[in-house]
């Protein structure tokens, strides 16, 4: 069985990588057009990868809570981070969005070129308070422009069923922007695990919370709700919750 998974994962990797080269190179020509045009072009790469993943590796997803998404009002997405899968799927599920990511990722050939076209909020984690100020400033600006903002509050990919430390940047932005906040939990790591080449067939369940009105809430209270949503949608919840000061 593992040999079959390896072969299917290899086919997927070739398709994903080849498509990335094509989209990232051709995407440079979209710089002549609006951001919306650039975004929609690169979004097709994410869509292709999800379809290709289903065809080659048998990985599908089932969406719970789609009815809560209001396309008329941009929101802040605080999502669980287990694999590369959710970075693709969220583009398909939610309206146009900006990702908060490490600026080092933009230096990766082809991948970084493509990500730059999506106009992400690229921060230097080593900058400390300056990075947090940038996150809040640019995040508010994007939300006011009508773009959704995606933040992974755990900061890095975590193994499935293991909760990472919930950092405060996303919650702080939520208190400043006063935009509706959506929590997104899933089990993608069971099928596309961190640092694993093998993609295991099956269904990824992705859960979207009702929009949260954060008026009057502190960043700590928001983070507690994030942790609660994440753990409540784990099959074997890890009850240890670590929050940023």
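Do the conditions hold for residue 154, that is, is it surrounded by fewer than 19 Cβ atoms within 10 Å (Cβ to Cβ) and touching a helix residue (DSSP H, G or I) at 6+ places or on another chain (Cβ under 9 Å)?
no
Checking residue 25 against (1) in a helix (DSSP H, G or I); (2) touching a helix residue (DSSP H, G or I) at 6+ places or on another chain (Cβ under 8 Å); (3) within 22 Å of residue 147 (Cα to Cα), only one condition comes out false. Which one?
(3)
Tell me which residues, restricted to the stretch 52-72, are without any contact (Cβ under 8 Å) to a residue 24 or more places away in the chain and either in a loop (DSSP other than H, G, I, E, B) or under 30 Å from residue 180 (Cα atoms) (or both).
67, 72
Are any residues in the stretch 114-151 assigned to a helix (DSSP H, G or I), buried (at least 16 other Cβ atoms within 10 Å of the Cβ) and modelled with pLDDT of 90 or more, and if so, which ones?
114, 115, 116, 117, 134, 135, 136, 138, 139, 140, 142, 143
Would you be able to say whether some residue in the stretch 211-222 is touching a residue at least 24 places away in the same chain (Cβ under 8 Å), farther than 30 Å from residue 140 by Cβ and either surrounded by 13 or more Cβ atoms within 10 Å (Cβ to Cβ) or in contact with a strand residue (DSSP E or B) (Cβ under 6 Å, 6 or more places away or on another chain) (or both)?
No, every residue in the stretch 211-222 fails to be touching a residue at least 24 places away in the same chain (Cβ under 8 Å), farther than 30 Å from residue 140 by Cβ and either surrounded by 13 or more Cβ atoms within 10 Å (Cβ to Cβ) or in contact with a strand residue (DSSP E or B) (Cβ under 6 Å, 6 or more places away or on another chain) (or both).
Please enumerate the residues belonging to the stretch 175-208 that are surrounded by fewer than 22 Cβ atoms within 10 Å (Cβ to Cβ), in a helix (DSSP H, G or I) and touching a strand residue (DSSP E or B) at 6+ places or on another chain (Cβ under 8 Å).
If the condition is that a residue be surrounded by fewer than 22 Cβ atoms within 10 Å (Cβ to Cβ), in a helix (DSSP H, G or I) and touching a strand residue (DSSP E or B) at 6+ places or on another chain (Cβ under 8 Å), then 177, 190 are the ones that fit.
Of everything in the stretch 84-113, what is under 27 Å from residue 70 (Cα atoms) and assigned to a helix (DSSP H, G or I)? Give them in sequence order.
Once the filter is applied, which keeps residues that are under 27 Å from residue 70 (Cα atoms) and assigned to a helix (DSSP H, G or I), the stretch 84-113 yields 85, 86, 87, 88, 89, 90, 91, 92, 93.
The values are calculated or read from the model by the stated rules, or taken from the named source; none is laboratory data. None of these values were measured; they are calculated from a predicted model. Here Cβ is always computed from backbone atoms with ideal geometry, including for glycine, and neighbour counts include all displayed protein chains.
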